[in-house]
Amino acid sequence: MIELRKAHPVLRPERFTHEEQATLETNQMLWFKGSGKPMSVEEDWHNPERRTMQRLSFHKNPDGSLDGMLLILNGREASKLVTLPENELVEGYELLWDSSSPQPNKNLAQHLPASKIEVGATSTLLLRVITA
């Protein structure tokens, strides 16, 4: 995980926004429910039953390219089938890390937006964004 953080500035945000696009100084962070739909402040952020969420983040690199990651958090005591969010910048996702696995992921399985992925009980997945 340390190597991933060093290699991807999107995993080391200093400032973030959810309204604006990513810049050299500010990461864009978008939050989604397990259904892949955007989270709302009224219904989701303050819901104590909301145990699964996804954070889609983008960082603009000095060369103008985007570094994107999807972090999926499952706080439930059971595994959960999650729908990956759709976004105009996302062509696909590549699984980099699964906290429920005792070994680092070497498979790098790719997934399309709106496809489903299983997240283990009380675990986290980290997927690299394949940009469009």
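Here, each number is a calculation from the coordinates, and none is a lab measurement. This one's a predicted model, so the numbers in the text were calculated from it and none came from an experiment. Neighbour counts are summed over all protein chains in view; Cβ atoms, including those assigned to glycine, are modelled from backbone coordinates with ideal geometry.
Within region 77-132, which trypsin sites (Lys or Arg not before Pro) sit in a loop by DSSP and count at most 11 neighbouring Cβ atoms inside 10 Å?
Counting only loop positions with at most 11 other Cβ atoms within 10 Å, the trypsin sites (Lys or Arg not before Pro) in region 77-132 are LYS106.
Working out 0.36 nm times the residue gap between GLU43 and LYS116, then minus their Cα-Cα distance, what length gain in nm do you get to one decimal?
Roughly 24.0 nm would be gained on extension.
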